[in-house]
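In what follows, a single structure is set out as structure tokens and then discussed.
The values are calculated or read from the model by the stated rules, or taken from the named source; none is laboratory data. All values derive from a computational prediction rather than experimental measurement. When we count neighbours, we look across all protein chains shown, and the Cβ atoms used for this are built from the backbone with ideal geometry, even at glycine.
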């Protein structure tokens, strides 16, 4: 159960400074007062999560060997416990700055995060960081990324969780002028785990943040990606793939806020659902009044592989400036019967033909990820799932 004592115990076990301990204590009242999100969107779209009681969670600091951090020379990537000794002021200024405590999950993290990772790219330094993150029981983790002007950092995150685990993650990315951050996530938690991940970025002048994610596991998995294009010339892309089978439930959301002129965003989502899986993707591009000459596009495509599977795609545009280009497209369909007939007429068995068409459906998105190792990993998992398609 999460109480003042819980916050103090976590803070003491991590040997945190007084200011961080005070922040935890101050966030407890908002956490207890805020309602649990309803996970209901419109009339017929909803997920029933009444069995989750955040107040009853028992977060504990997990052993350090559950996570692995590998960083190229020049890039600083440390657990918070170590980073506070060398970069305390940076952490104090930026930690949870993009997540005001206006919802229960943000407040939960402010009170009870048990693991933290700090990634720092100094000016004009380029490199890669690999994160292998594991969860058992309850794990609440914060990841803070700061890319200084002219730097370029690629972060590759592999997220796993044991059966019945509860995993909640907040990621904050600050991309300074002319910096570039590539954040790649492969989430393949257990089929009985709960996974909540929310990522936000602030992108400054002529900087770029490129998100890529693949959602594969979880009894219920929620992923939210939000990017603020805060200065002229800022760019962002989101390439998201998901494959739901069995009785998995995915709740995915992508958002880009164009707050400055000459900003660009592109969002591509491709997914497939089989068996009794259920998924929803909601996308939003918002162009603020002063963001003239901006360009935003989003596209969502979903394949239904079984009559019992369910999918919803909800694209949204909010445009408050006439001097922009902004559009969206969405399709929810089954395997193309004509293409399937064509392959079978050339002697290919129906099952193999279906697998080939689904593989081809994902191929354009995997090519956009740009990391061959991750492409191969995601392709391998998708091919395993295709063996279940009837």
>> Against the definition (touching a strand residue (DSSP E or B) at 6+ places or on another chain (Cβ under 8 Å) and closer than 16 Å to residue 80 by Cβ), how does residue 59 come out, yes or no?
In response: yes
The correct count of residues that are part of a loop (DSSP other than H, G, I, E, B), at pLDDT 95 or above and surrounded by fewer than 24 Cβ atoms within 10 Å (Cβ to Cβ) in region 169-188 is 3
Per the list (1) over 21 Å from the mean Cα position of the chain (by Cα); (2) surrounded by fewer than 19 Cβ atoms within 10 Å (Cβ to Cβ), residue check on residue 353 breaks on (2)
The strands (runs of 3 or more DSSP E) lying wholly within region 201-311 that contain at least 1 residues that are under 15 Å from the mean Cα position of the chain (by Cα) and under 30 Å from residue 334 (Cα atoms) are 208-215, 220-229, 235-244, 249-258, 264-273, 278-287
Exactly one of 111, 119 is buried (at least 21 other Cβ atoms within 10 Å of the Cβ) and under 20 Å from residue 208 (Cα atoms), and that one is 119
If you go through 290, 283, 254, 296, the only one that is over 23 Å from residue 354 (Cα atoms) and surrounded by fewer than 18 Cβ atoms within 10 Å (Cβ to Cβ) is 290
- Task: Would you check if residue 98 is modelled with pLDDT of 95 or more, over 24 Å from residue 2 (Cα atoms) and surrounded by 14 or more Cβ atoms within 10 Å (Cβ to Cβ)?
- Result: no
Of the residues in region 360-383 that are surrounded by fewer than 12 Cβ atoms within 10 Å (Cβ to Cβ) and farther than 16 Å from residue 240 by Cβ, the one that is modelled with the highest pLDDT is 360
Within region 33-56, restricting to residues that are outside any loop (DSSP other than H, G, I, E, B) and touching a residue at least 24 places away in the same chain (Cβ under 8 Å), the one that is farthest from residue 103 (Cα to Cα) is 45
Could you say whether any residue in region 118-129 is free of Cβ contacts under 8 Å to residues at least 40 places away in the same chain and either in contact with a helix residue (DSSP H, G or I) (Cβ under 8 Å, 6 or more places away or on another chain) or part of a strand (DSSP E or B) (or both)?
no
### Query
In this structure, is residue 90 farther than 30 Å from residue 280 by Cβ, in contact (Cβ under 8 Å) with a residue 40 or more places away in the chain, in contact with a helix residue (DSSP H, G or I) (Cβ under 7 Å, 6 or more places away or on another chain) and in a helix (DSSP H, G or I)?
no
